[in-house]
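The values are calculated or read from the model by the stated rules, or taken from the named source; none is laboratory data. In this text the structure is predicted, and so the values were computed from the model without any measurement. All Cβ positions, even for glycine, are placed from backbone atoms using ideal geometry, and neighbour counts span all protein chains on display.
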């Protein structure tokens with residue numbers, strides 16, 4: 001009897017979630033998979049992670065995060081994609097890619113394999129490790145990514161990505 005009652009409760013909960021899930025997905029703040037894009041020439045798929053070079057030990061290394069402490073190492077990594085064609089832009093397509101953090105000098109990203117291991121299964125992406133200075137201001141921190149395209153092998157136009165959507169700022173905490 002208890003088993004039957006537990007199964008009925010579990011089935012009811014699963015049914016309620018199955019009905020609510022599409023409604024929750026419809027409330028997503030922005031659309032995914034924008035290819036082919038109409039409103040922009042390039043898209044940036046950004047991830048910020050806790051790095052192994054942290055002087056202050058995080059709860060988990062290599063975990064996605066937008067909240068960091070002074071002394072944490074932030075790994076910025078991104079794919080830059082031509083929104084018209086879906087082509088991932090690599091080192092041959094870009095003159096340079098930099099992260100600009102408010103109050104810091106520009107920091108150059110490198111195009112390298114994820115995790116630093118170049119093998120057939122490693123995706124290549126733009127990445128940078130930044131150690132948050134011990135005196136960096138607390139609170140929300142703003143940054144953007146600026147990529148300079150190559151045109152005929154020479155530096156070309158700039159594309160800037162500002163990842164901050166109001167209410168989703170990255171933070172430095174005590």
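Structure data summary
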read-out	value
Number of the exception - residue 87 against (1) without any contact (Cβ under 8 Å) to a residue 60 or more places away in the chain; (2) within 15 Å of the chain's Cα centre (by Cα); (3) surrounded by fewer than 17 Cβ atoms within 10 Å (Cβ to Cβ)	(2)
Residue within the stretch 60-73 that is within 30 Å of residue 156 (Cα to Cα), buried (at least 19 other Cβ atoms within 10 Å of the Cβ) and touching a strand residue (DSSP E or B) at 6+ places or on another chain (Cβ under 9 Å) present	no
Filter pass, residue 111 being surrounded by 15 or more Cβ atoms within 10 Å (Cβ to Cβ) and free of Cβ contacts under 8 Å to residues at least 24 places away in the same chain	yes
Boolean, residue 146 is closer than 21 Å to residue 157 by Cβ and in contact with a strand residue (DSSP E or B) (Cβ under 6 Å, 6 or more places away or on another chain)	yes
Boolean, residue 130 is within 15 Å of the chain's Cα centre (by Cα) and free of Cβ contacts under 8 Å to residues at least 40 places away in the same chain	no
Count - residues of the stretch 40-58 that are touching a strand residue (DSSP E or B) at 6+ places or on another chain (Cβ under 8 Å), assigned to a loop (DSSP other than H, G, I, E, B) and without any contact (Cβ under 8 Å) to a residue 60 or more places away in the chain	3
Test for residue 30: is it modelled with pLDDT under 50, farther than 19 Å from residue 168 by Cα and in a loop (DSSP other than H, G, I, E, B)	no
